[in-house]
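Worksheet: one structure, shown below.
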């Protein structure tokens, strides 16, 4: 259930379940709280799912489709800091490298498949690209506040 808090006389929703954003009195607090909760949820999901017997390819696919799936939606609204992106990357690589699998550098996993990698996303770069793309798409729509702001 969403709780509400009162800030400056207005009732602001504390959490939006559909987006995963936890609103606070300021943007930095909103960003920090939302990403902290999201990172903790991803870490818990990785630990819960780890006991499965998966091959390297299946583990990388699981990171793509399950662990990082909601990440790409949240990042279009709130950009993670470098530290938060590093935490997400370390959770993904922890899940991939647990067990008796030969460990390659993360940069090898992030290379495209045609170059011998596994297409594991570079979290910080992809998050920035998705947010900037969202801003560009919103600014391209005529008559929106964002388009007026970007024209100035």
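Here, each number is a calculation from the coordinates, and none is a lab measurement. Remember, it's a predicted structure, so these values are computed and weren't measured experimentally. Cβ placement follows ideal geometry from the backbone for every residue including glycine, while neighbour counts extend to all protein chains displayed.
Could you figure out which of (1) farther than 17 Å from residue 31 by Cβ; (2) touching a strand residue (DSSP E or B) at 6+ places or on another chain (Cβ under 9 Å) isn't true of residue 112?
(2)
Considering each of 57, 69 in turn, give the residue that is out of contact with any helix residue (DSSP H, G or I) (no Cβ under 7 Å at 6 or more places or on another chain) and without any contact (Cβ under 8 Å) to a residue 24 or more places away in the chain. Walk me through it before giving the result.
Numbers: 57 fails: without any contact (Cβ under 8 Å) to a residue 24 or more places away in the chain.
Only one candidate qualifies: 69.
In the list 71, 79, 131, which residue meets the criterion of being within 17 Å of the chain's Cα centre (by Cα) and more than 23 Å from residue 46 (Cβ to Cβ)?
Numbers: 71 fails: more than 23 Å from residue 46 (Cβ to Cβ); 79 fails: more than 23 Å from residue 46 (Cβ to Cβ).
131 is the lone residue from the list that is within 17 Å of the chain's Cα centre (by Cα) and more than 23 Å from residue 46 (Cβ to Cβ).
Mind checking which residues of the range 100-126 are in contact with a helix residue (DSSP H, G or I) (Cβ under 6 Å, 6 or more places away or on another chain) and farther than 16 Å from residue 57 by Cβ?
Answer for the range 100-126, where residues must be in contact with a helix residue (DSSP H, G or I) (Cβ under 6 Å, 6 or more places away or on another chain) and farther than 16 Å from residue 57 by Cβ: 106, 122, 123, 124.
Looking at residue 48, is it farther than 30 Å from residue 21 by Cα and surrounded by fewer than 19 Cβ atoms within 10 Å (Cβ to Cβ)?
Working: farther than 30 Å from residue 21 by Cα: no; surrounded by fewer than 19 Cβ atoms within 10 Å (Cβ to Cβ): yes.
Criteria not met by residue 48.
What number of residues within the range 75-118 satisfy the criterion of being over 24 Å from residue 131 (Cβ atoms), without any contact (Cβ under 8 Å) to a residue 12 or more places away in the chain and loosely packed, with under 14 Cβ neighbours inside 10 Å?
Residues that pass the stated criteria total 10.
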